[in-house]
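First the structure, in the form of structure tokens, and then the observations on it.
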Amino acid sequence: NHVLFLPANPPFPCPAWGSLALTLVPTHLHHLKVVHAQRGATVTLPCVLRAWPPHYKVKWSKVEPAELLENIILVTNGAQHKTYGQLGGRARLRRGHRNDASLTIAGVALEDEGRYRCQLVNGLEDESLSLTLTLDGVVFPYQTSQGRYRFNYFEAKQACEEQDSRLATYQQLYKAWTEGLDWCNAGWILDGTVHYPIINPREPCGGRLLVPGIRTYGAKDKQKDRFDAFCFTSPVRGQVYFIQGHLSFKEAGQACHNQGATIAKVGQLYSAWKFSQLDTCDGGWLADGSVRYPITTPRTHCGGLLDPGVRSFGFPNKEQRTYGTYCFSVK
């Protein structure tokens, strides 16, 4: 009586799985299977029973290693099932066939990313299968209008959420570093540790450690210690666009409102830059009071930097009528 992970004909592309079914082995011995998705999509986490043992239950849960928690999503005995929590409200069993215990999650959210466990509860022969759900996205550094190193962990977490993002995981930060993220200020990530990614080593960024890498401060005091934040956002089902003008911050918000839109958040601008190739040379107000502009094709008269990115003018006086605005409308 085993749980099987069957990758044949998955409902999403994942070519690394190959075409052979993998028989479950104890969780600590096998590699986690990775399922990729985008925010807002519907995704299925595969879990198939080889046979229906008597008096069994299948339990789906989300594992939160940083908080030492395992949050139950759904429990079924084949005839009935019960869901739990906010995630359970968007989850259901796929039931593609009699032995199918796969979990389908609708409207995937940023906080859904992470590790999941499908557990066959069958007396002494309990078995489980672990999978990791990852989202396509982009990591960006974030700091307050008062300057750098002003967030404790909880303030950093809230700041990312207010900008349509969440604190990045170490895996997300590492991936961003491999893709070119180079940032000299240290920032919180989701597990409560502090890091910063360096592509081009220089003396002020790590002292004599003149090799590329992710510098780490390790775990810090979540209440007392203060750093910046590394936020992660994923593609959004909406459009970010620029309105030209000489607008104050208040006028920028009204200009977006007049078109049935809202002033864009920082995470929404980064998402549009990364996934919709938004490329605009003009600075525009954003919801947090900062002024930024996205560049996908660098040129000399647009900041002069050689790499693509989202450029920032910082947090100007909100009364200045110098900038346009970036708006966000839901599709």
Report task. Write out the GluC sites (Glu not before Pro) in the range 101-181 meeting two conditions: DSSP loop, and at most 16 other Cβ atoms within 10 Å of their Cβ. Result -> Glu179
Query raised in the report: Within the range 162-242, which trypsin sites (Lys or Arg not before Pro) sit in a loop by DSSP and count at most 14 neighbouring Cβ atoms inside 10 Å?
Result: Arg202, Arg208, Lys222, Lys224, Arg237
Requested in this report: May I ask you to derive the relative contact order of the range 119-200, considering only C-alpha pairs under 8 Å and at least 6 residues apart, and to give it as an integer percent?
Outcome: 22
**Report entry** Net lengthening on full extension, Thr322/Thr300 (0.36 nm per residue, minus Cα-Cα)
**Finding:** 5.8 nm
Query raised in the report: Given DSSP loops and a limit of at most 16 other Cβ atoms within 10 Å, what is the longest stretch of the chain that contains no such chymotrypsin sites (Phe, Trp or Tyr not before Pro)?
Result: 150-312
Report summary line: In order over the range 253-270: 3J(HN,Hα) from phi, Karplus 6.51/-1.76/1.60, θ = phi - 60°, whole Hz, x for each Gly or Pro, gives x, 5, 4, 5, 4, 5, 9, x, 10, 10, 5, 5, 8, 4, x, 5, 5, 4
Query raised in the report: Starting at 0 and stepping by 10 Å, how many percent of the alpha carbon pairs of the range 225-331 end up in each bin?
Result: 16, 47, 32, 5, 0
Query raised in the report: Residue-wise, which Karplus ³J(HN,Hα) couplings in Hz belong to the range 231-238, taking 6.51 cos²θ - 1.76 cosθ + 1.60, θ = phi - 60°, and x for glycine or proline?
Result: 9, 10, 10, 10, x, 10, 8, x
Report task. For the chain, count the residues as N, evaluate 2.2 N^0.38 Å, and divide the Cα radius of gyration by that value, please. Result -> 1.14
Query raised in the report: What is the pair-distance distribution P(r) of the range 208-269, computed from all Cα-Cα distances in 5 Å bins starting at 0, with each bin given as a whole percent?
Result: 3, 11, 17, 13, 10, 13, 8, 11, 10, 3, 0
Report task. Could you bin all the Cα-Cα distances of the range 30-107 into 5 Å bins starting at 0 and give me the percent of pairs in each, rounded to whole numbers? Result -> 3, 13, 23, 26, 20, 11, 3, 0
Query raised in the report: For Trp52 and Ser276, FRET efficiency with R0 = 45 Å and r from the beta-carbon atoms, rounded to 0.05?
Result: 0.45
Requested in this report: Would you work out which of Tyr270, Tyr153, Phe230 lies farthest towards the positive end of the dipole of the chain? Charges go on Cβ: Lys and Arg +1, Asp and Glu -1.
Outcome: Tyr270
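Which value, in debye to the nearest 20, gives the size of the charge dipole of the chain about its Cα centre, when Lys and Arg are +1 and Asp and Glu are -1 at the Cβ?
Charge dipole of the chain: 380 debye, to the nearest 20.
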Report task. List every residue whose amide H lies under 5 Å from the amide H of Gly245, counting only residues 5 or more places away in sequence or on a different chain, with H placed 1.01 Å from N in the peptide plane. Result -> Gly324
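Given an 8 Å cut-off on Cα distances and at least 6 residues of separation, report the relative contact order of the chain as a percent.
Reported as a whole number, the value is 14 percent.
Where a number appears in this text, it was derived from the coordinates with a stated rule and is not lab data. Quantities reported herein were computed from a predicted structural model and do not represent experimental measurements. Note that we place each Cβ from the backbone using ideal geometry, even for glycine, and neighbour counts take in every protein chain shown.
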